[in-house]
Amino acid sequence: MLIPGYIIRCGFASERSLLLQFMQRTYQDLFPNEDFSHLEQTVKQYFSSDTPLWWVEEDGGQEGKNNNAQCPIACLWVGNAIDQVHGNRHAHIFILYVVAEHRRRGIGTALMRYVENWAIQRGDRQIGLQVFQSNKPALNLYNQLGYQTQSLWMVKFLNAEK
């Protein structure tokens, strides 16, 4: 059990399109006027048995609901990265997303604790992730959980007209 009223389950390879929908929702929340059709290529390239996916669903078991019909309300997709300083493999969070109606209920925190335990069990010594500076709720969550800035990803937009 994740938190009362919710369950967590492993994702399946057949849920590629659902993962893509959650990724698009994630970025659409932050950048509502952008087109994120290119994320299909990201999922195609990186989603595999080596990149676990977990879903959170409402626990309908007590009311006798059909759990097979549940729609996920949160997702966590994790990949692998190499620590460029020490050379160790570690977990890297591709996406953590909770639908708006279920936020501020501890689901994101519970998922992060879940992946931390998973990473410890497989021998990882750290977890990495990227978060946009404009995403204050995510920054607050990660700071509260003890994540620290290790590096900054800097970009420069280039003018192609020369």
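The values are calculated or read from the model by the stated rules, or taken from the named source; none is laboratory data. Remember, it's a predicted structure, so these values are computed and weren't measured experimentally. Here Cβ is always computed from backbone atoms with ideal geometry, including for glycine, and neighbour counts include all displayed protein chains. Accessible surface areas use protein heavy atoms only, side chains included; no ligands, DNA or RNA. Shrake-Rupley method; radii C 1.70, N 1.55, O 1.52, S 1.80 Å.
If a residue has to be assigned to a loop (DSSP other than H, G, I, E, B), under 18 Å from A74 (Cβ atoms) and either free of Cβ contacts under 8 Å to residues at least 12 places away in the same chain or aliphatic (A, V, I, L, M) (or both) to count, how many in the stretch 108-162 make the cut?
2
Taking the stretch 1-23 as the region of interest, how many residues are closer than 18 Å to A100 by Cα and touching a Ser or Thr at 6+ places or on another chain (Cβ under 8 Å)?
Within the stretch 1-23, residues that are closer than 18 Å to A100 by Cα and touching a Ser or Thr at 6+ places or on another chain (Cβ under 8 Å) number 1.
Can you tell me which residues in the stretch 77-88 are in contact (Cβ under 8 Å) with a residue 12 or more places away in the chain and either surrounded by fewer than 14 Cβ atoms within 10 Å (Cβ to Cβ) or within 15 Å of V43 (Cα to Cα) (or both)?
W77, V78, G79, N80, N88
If I ask for residues that are open to solvent by 50 Å² or more (accessible area, probe 1.4 Å) and over 14 Å from the mean Cα position of the chain (by Cα), which ones from the stretch 119-136 would you list?
Across the stretch 119-136, the qualifying residues are I120, Q121, R122, G123, R125, Q126, Q133, S134, K136.
Which condition number in (1) open to solvent by 40 Å² or more (accessible area, probe 1.4 Å); (2) under 19 Å from A138 (Cβ atoms) is the one that P72 fails?
(1)
Would you say R105 is open to solvent by 40 Å² or more (accessible area, probe 1.4 Å) and part of a helix (DSSP H, G or I)?
no
Are any of the residues in the stretch 1-17 closer than 17 Å to F132 by Cβ and open to solvent by 60 Å² or more (accessible area, probe 1.4 Å)?
No.
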